[in-house]
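Here's the structure, in structure tokens; my notes come after.
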Amino acid sequence: MTDTVRTQPSTPTNGFNVGTPDDVEEEISNTVAAQLGVPRATITPAASFEDVGADICDLAEVVLLVEEAFDVEISADEVDRLVTVGDLIAAVRDRAMQPPGARSTRPD
């Protein structure tokens, strides 16, 4: 008899079950690495988007992917303040732990 290991997709689907804070960090880090085409090992919470080669367009694409994956919204003002991968992780964690109607920082 062999054991079967089930793996999660590297990018969460819409409405991702947040799980633990480590799950959020891992999924966002995987998404950033895949979008930028850089080794996953280079993506840490302390890594700045500039250090991993992301320009403003790359950051916008990453944010859109993460918003969709975690069913959250991050305002343009907050995106402008994202410097590190950890900043993005913190923003998503803050929103993902809230009820769906409260997951936006965008003005109505």
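Read-outs throughout are calculated quantities, based only on the coordinates presented, and are distinct from any laboratory measurement. As the structure is a prediction and not an experimental result, all values here were calculated from the model.
Under the rule of at least 5 residues apart or a separate chain, name every residue whose amide H is placed under 5 Å from the amide H of I43.
Amide H neighbours of I43: none.
From the phi of every residue in the stretch 35-51, what ³J(HN,Hα) in whole Hz does the Karplus formula 6.51 cos²θ - 1.76 cosθ + 1.60 yield, where θ is phi - 60° and glycine or proline is x?
With coefficients 6.51, -1.76 and 1.60, one gets 5, 8, x, 10, x, 4, 4, 7, 9, 10, x, 7, 5, 7, 4, 4, 5 Hz.
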